[in-house]
Amino acid sequence: MIKKNISLFIIQNNKILKILDNFECAVAKGETDIRCNSEYEDSNSVFIIQNKKTNGFYNISVKTKTIKTKSVPSKTNEDDCIETKTELKPITKTLIFSNGKYQLRKK
């Protein structure tokens, strides 16, 4: 599994403050038999600054798209693989600034 995270910082009173700590923005995971049989899942997030503010900081929408990929051997030629990709419905979450840092909005 491979993960990518993002942190955000601001400068306040000549100090660097972390306002978002290691938020997951991309994940790649999967399994394979080193031949044709494999299943993978890739998720990537896009951060969109909203017009609305909470506690003086803009809210951030995080839209995550996930693609599942599956490969199986061809029935006619075992040296060929048949790959299918399925894009899942995107998931959108909102980060709001509360208690000195960005946090996921509770529903």
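Summarising the amide proton neighbourhood of residue 54: residues at separation of 5 or more, or on other chains, whose placed amide H is nearer than 5 Å comprise 59, 97. Between residue 5 and residue 106, the contour length at 0.36 nm per residue exceeds the alpha carbon distance by 34.3 nm. Taking only alpha carbon atoms, the range 30-104 gives an Rg to Rh ratio of 1.30, where Rh is the Kirkwood radius. Residue separation of residue 69 and residue 38 scaled by 0.36 nm, minus their Cα-Cα distance, works out to 10.4 nm of gained length. Counting only pairs 8 or more residues apart or on different chains, how many lysine pairs in the range 30-104 have their Cα atoms under 20 Å apart? So the count of such lysine pairs works out to 19. Identify unpaired cysteines across the chain, taking unpaired to mean no other cysteine Cβ lies under 4.7 Å from the residue's Cβ. By the Cβ distance rule, which asks for a partner under 4.7 Å, the isolated cysteines are 25.
Site pair residue 77 and residue 47 shows an inter-label distance of 4.6 nm when each label is modelled 7 Å from Cα along Cα→Cβ. Less than 5 angstrom separates the built amide H of residue 20 from those of 8, 102, all sequence-distant by 5 or more or on a different chain.
Rule-based calculations on the coordinates, nothing more; no lab input. Nothing here was measured: the structure is a model prediction, and the numbers come from that model. For neighbour counting, all protein chains shown are included, and Cβ atoms are generated from backbone atoms with ideal geometry for every residue, glycine included.
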